[in-house]
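The values are calculated or read from the model by the stated rules, or taken from the named source; none is laboratory data. Keep in mind that this is a model prediction, so the values were computed, not measured. When we count neighbours, we look across all protein chains shown, and the Cβ atoms used for this are built from the backbone with ideal geometry, even at glycine.
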Amino acid sequence: MSGRAPTFPEAPSTSRARVAASILDADLGNLGHAVARAEREGADRIHLDVMDGHFVPNLTFGPKTIKALRRRTRLPFDAHLMIANPGRFIEEYLDAGCDSVTIHVEIEEDIEATLRAIHAAGRAAGLCVKPKTPLTALEPYRRLLDIVMVMTVEPGFGGQSFMADQMPKVRAVRESVRRFGGEVWIQVDGGVSAATIEQCAEAGADVFVAGSAVYGKNDVGEAIAELRALVAAHDHP
Ligand code: DX5
Ligand code: ZN
């Protein structure tokens, strides 16, 4: 797809699999602790679910919170903007220190301009599809994508049940990346757990967003290690 080098400031790893801890299900009263804990316990990235109450029926946090959290961890920040107007606010999210910004293809704004703004800041740009959105919606932006994110729940809330019927989409994205080449992360988001992560990996995902399967556990480190072990056999070089 894009052919650009990956822009995540990550330590070298022998595996391509990445576990992105979603703080949506962490203690929202102590997010600084939640991100530091994810780093200490072995997560690869912090997944930041931004919701505006319009694009999804829920509200979370915005760029100021992200900026404040930026000082609390060295892990890459992977922002997932579930907002109707990301283009209007994109500079604020970039300035807040997001290493990647993924927006939704279902929005009515100019998508290409926002993807280009993300690249202009030297960050990774992603597009996300909701469960009912076909992959053909991504086609016009194919060359601009560092991340393709397939929602495996309806966006808006953590702790929902995994939608296995989205796996053919993941498979199709993997097939397209194989065919066209390029550096593209294939990310799954929603209901990813020890019970569901292997089918995501087998379908071709290499970034696994996990909220309740990480922060809902007493031993966060053990939960992350278990997820990582389950996908170890399915690398997609
Ligand atoms: C849902 C969010 C997800 C969510 C995942 O709209 O995009 O990132 O936090 O939470 P779990 O892993 O609990 O489904
Ligand atoms: Zn998310």
Out of region 148-169, which residues are touching a Phe, Trp or Tyr at 6+ places or on another chain (Cβ under 9 Å) and among the hydroxyl-bearing types (Ser, Thr, Tyr)? Thr152
So, of the residues in region 206-232 that are over 19 Å from the mean Cα position of the chain (by Cα) and free of Cβ contacts under 8 Å to residues at least 24 places away in the same chain, which turns out to be nearest to Leu48 (Cα to Cα)? Lys217
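Is at least one residue of region 107-118 assigned to a strand (DSSP E or B) and either in contact with an Asp or Glu (Cβ under 6 Å, 6 or more places away or on another chain) or surrounded by 21 or more Cβ atoms within 10 Å (Cβ to Cβ) (or both)?
No, region 107-118 contains no residue that is assigned to a strand (DSSP E or B) and either in contact with an Asp or Glu (Cβ under 6 Å, 6 or more places away or on another chain) or surrounded by 21 or more Cβ atoms within 10 Å (Cβ to Cβ) (or both).
Residue-by-condition table, conditions (1) surrounded by fewer than 16 Cβ atoms within 10 Å (Cβ to Cβ); (2) more than 22 Å from Ile46 (Cβ to Cβ); (3) free of Cβ contacts under 8 Å to residues at least 40 places away in the same chain:
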site: Leu144; (1), (2), (3): no, yes, no
site: Gln166; (1), (2), (3): no, yes, yes
site: Ser176; (1), (2), (3): no, yes, no
site: Gly181; (1), (2), (3): yes, yes, no
site: Ala194; (1), (2), (3): yes, no, yes
Closer than 27 Å to Glu202 by Cβ and either part of a loop (DSSP other than H, G, I, E, B) or more than 16 Å from ligand 2 (Cβ to nearest atom) (or both), is that true of Thr14? yes
Just checking, which of Ala201, Ala225 is aliphatic (A, V, I, L, M) and either farther than 23 Å from Thr14 by Cβ or in contact with a Gly (Cβ under 7 Å, 6 or more places away or on another chain) (or both)? Ala225
Regarding Tyr93, is this residue assigned to a helix (DSSP H, G or I) and more than 16 Å from ligand 1 (Cβ to nearest atom)? no
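In region 119-133, which residue that is in a loop (DSSP other than H, G, I, E, B) and touching a residue at least 40 places away in the same chain (Cβ under 8 Å) is surrounded by the most Cβ atoms within 10 Å (Cβ to Cβ)?
Start the filter on region 119-133 by keeping residues that are in a loop (DSSP other than H, G, I, E, B), which leaves 121-123, 130-133.
Applying the additional criterion that residues be touching a residue at least 40 places away in the same chain (Cβ under 8 Å) yields 122-123.
Working: Gly122: 10, Arg123: 23.
If we take residues in region 119-133 being in a loop (DSSP other than H, G, I, E, B) and touching a residue at least 40 places away in the same chain (Cβ under 8 Å), then Arg123 is surrounded by the most Cβ atoms within 10 Å (Cβ to Cβ).
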All but one of (1) of a type in the set (Gly, Ala, Ser); (2) within 25 Å of Ala229 (Cβ to Cβ); (3) away from ligand 1 (no atom under 12 Å from the Cβ); (4) at pLDDT 95 or above hold for Ala20, so report the exception by its number. (3)
